[in-house]
Structure formats: C-alpha cells, structure tokens
C-alpha cells in the first residue's frame, strides 16, 4: 500500500474515532429528513423505495446491508472523494444523522 493511501486511511480512522460521542447524539429521523431533501435526487432513501432515480446510485437500504457496513465505514466513505458523486460538504451533525438513518435501514438477521 502506498504511503499516501495509508495516510488517508489513518486520517479517516482517527477522525472516525474522534467522533465517538456523535453516535450517541445522532438522530436517524433528522437523517431521514435530510436524505429526502438532499440525497433523494440520486438515491432511493425511503425504506420501501427499491430503485434509485439514478440507476448508478445504490439505495440507502442496499448501502446499509452491504457486508461489513458500519458507522466507521460510512464516516470513512463520506470523507473520501468519489467520482460518481457530487462533492458534498456535510456538517458533522448532518453526516452523523444520515449515517444513523442509513444504519437504521439494515435488515435484522
């Protein structure tokens, strides 16, 4: 692994651990409202919604049910630029709420 990639991973991991208190204060309902206003242009954000408006954008339920998906994985994902997604700069509170909402959609096994 290149030094740059290792540096990015460590920086993201440190940022994730620095936000441990945010998990307790995150509000999935606020995340749902935010997602419907901002993310629904591309993603299927509602639990019953199967197809995303943008076929290349996975549904929030599919994201939640991705193997190994966790709060920390989503924090790292939000902090990593993606070519297929606009460069959204979310406030920490909005990010935590959206993450809480996404994880609330995870199927119980």
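None of the figures in this text is laboratory data; all of them are computed from the coordinates on show. Keep in mind that this is a model prediction, so the values were computed, not measured. Heads up, the Cβs are rebuilt from the backbone with ideal geometry, glycines too, and the neighbour counts pull from every protein chain shown.
General observations
- Subset tally (residues that are in contact (Cβ under 8 Å) with a residue 12 or more places away in the chain and surrounded by fewer than 11 Cβ atoms within 10 Å (Cβ to Cβ)) for region 89-109: 1
- Every residue from region 46-66 that is within 24 Å of residue 109 (Cα to Cα), within 14 Å of the chain's Cα centre (by Cα) and either outside any loop (DSSP other than H, G, I, E, B) or without any contact (Cβ under 8 Å) to a residue 40 or more places away in the chain (or both): 58, 59, 60, 61, 62, 63, 64, 66
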